[in-house]
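One structure is given below, encoded as structure tokens.
Derivation of every value follows stated rules applied to the coordinates shown; laboratory data play no part. Because the structure is predicted, anything quoted here is derived from the model rather than measured. We place every Cβ from the backbone using ideal geometry, glycine too, and count neighbours over all the protein chains shown.
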Amino acid sequence: METTDPSAEQTPIKLRRVGYSLLAALLLTGITWLSGASVDRIGIAAIATLTIALWITEAIPLGAASLLPLVLVPMLPSFTLERTVADYTNPVVFLFLGGLILARAIEVTHLHRLLAYRILRFWGQTSHAVLLGFVTATAFLSMWISNTAAAVIMLPLAAAVAERLGKEWKNLEKSLYLGVAWSASIGGLATLIGSPPNAVFAAFIRRETGVEVSFLQWAAIGAPFAAVGVVLLWQYFCRISPRIPNKSLPSDLIELLKSPDSSDSFLGRNRKIVGAIFVGVVALWCLRPLIGWKGVTDHQISLAAGALLLLIPAGAKPLTGPRLLRFADLRAIPWSILLLVGGGLSLSTVITDSGLIAELTQQLNFVGNWPMWLGVAAIVALVIFATEFGSNTAIVTLFLPTTVVFAPLLGIELYSLALAIAMAGSLSFMMPMATPPNAAVFAKGHVTIRDMMWFGMPLNLVFAALITAVALLVR
């Protein structure tokens, strides 16, 4: 699950970047006005450009930028406050809220740390096995908690391993750090709550087609894709670049992974209860579509779990004692991510409703002459490389409405093309600023930008091809 760092709530305002964002909005507003567009289209072009530019440049806190559509769109003649607010209260937003509460409970009880240690111990004592353990553990955690949190949890473990390796293990050291960052992004594709673009996709499909994308429907595609992606990442490091010989690890490192601190020292009553709720929620998400449970949705299950965590006592005093999750614990939840999802949905709606997409269709008819696979591959590659320099949610929000144009021109289902864009938005391997895990690993000082670009470029191309294949196969 990808979120921003909670500290982003205190992000300072960067005036120069604000100026660049305003300039971009003014330029596009002028171009739209010169084309003879209506007031609504001119206004939407300005609001969308300003909001997305502020997201990409991070000139102001993401939550503040995400509120701009809610403030500015109702000022236009054809839009109302009620219509705009509806996107901020989309069921997908509440699904994400429940997921964030559950993730916070997992973090508070250190359940994620216990899982990470046990996965690492399971895989064995060779260089290839330990690397597989790291990428698997990170990806699994990222399915349920933020990819940033997953990377932050695993980085100290990677550092503990790396500092016990000699110079002859330099390739394994780099692979451990990069593997943690990149498997966190890949793991977020496995579940609907794994990354904000997944939620934006589900809401977009619900609005455009009336089809609800359930947790199980997404996982049926996302989980196998993430599993294949993790294995590919592991094999890429082991056999292609930087190529790691499969040797037994130093004895002191093996003892570290076997130490008591790596297994049962975190086990406790509260953790067991949170673990049971976690398993129950996942089971209900998966079984609900199969048993035809009418009147119950994934977001209701998610919110019910959040309520239980705030109600179940953590100690012997059921009425006056502390709860499994305190309201003070919720302060660490990145609330701005909910506004980001709502703002993204709002922009997607107004861009479509204003007629800008219909106008774009007239300018892009030539795309209909391209082979389907080439058009899809070009869009996927463009999204992947665009997210190297901007917020993945912002980029996906920008591109999803264009599927209304490109899908008919290319002869592909709207669902398939939108899915490809959402998946592509989560996979950026080349630049430190592309994702918070990339930035966290880069900040450790063990990986350079050159390392990221050298090892990440081939992965960008490989995953662009994989996503293209998924889009062509999914109907």
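Listed values, structure above:
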{"quantity": "Hypothetical label at A129: residues of segment 151-169 whose amide nitrogen lies under 20 Å (7 Å Cα-Cβ projection)", "calculated": "157-166, 169"}
{"quantity": "Helix 127-142 axis, angle to the chain major axis (alpha carbon atoms, nearest 10°)", "calculated": "50"}
{"quantity": "Label-point separation, K167 to A86 (7 Å along Cα→Cβ), nm", "calculated": "6.7"}
{"quantity": "Folded to 0 to 90 degrees: helix 215-235 orientation relative to the chain principal axis, Cα", "calculated": "60"}
{"quantity": "Structure-derived percent of Cα pairs over 32 Å apart - corresponding label in (i) 56; (ii) 52; (iii) 41", "calculated": "(iii)"}
{"quantity": "Neighbourhood charge, 10 Å Cβ-Cβ cut-off, centred on H128 and excluding it, Lys, Arg +1 and Asp, Glu -1", "calculated": "+2"}
{"quantity": "Length released on extending from R16 to R207, taking residue separation times 0.36 nm less the Cα-Cα span", "calculated": "65.1 nm"}
{"quantity": "Extension gain, A220 back to R243 (0.36 nm per residue minus Cα-Cα distance, nm)", "calculated": "5.1 nm"}
{"quantity": "Spin-label pair V474/A307, simplified geometry with 7 Å Cα→Cβ offset, distance in nm", "calculated": "3.2"}
{"quantity": "FRET efficiency for M453 and A159, using Cβ-Cβ distance with R0 set to 22 Å, rounded to 0.05", "calculated": "0.45"}
{"quantity": "Tilt relative to the chain, helix 39-57 - C-alpha long axis, 0 to 90 degrees, to 10", "calculated": "20"}
{"quantity": "Net charge of neighbours whose Cβ lies under 12 Å from the Cβ of A407, counting Lys and Arg as +1 and Asp and Glu as -1", "calculated": "-2"}
{"quantity": "Charge dipole magnitude, Cβ of K and R +1, D and E -1 - the chain, Cα centre, debye nearest 20", "calculated": "1020"}
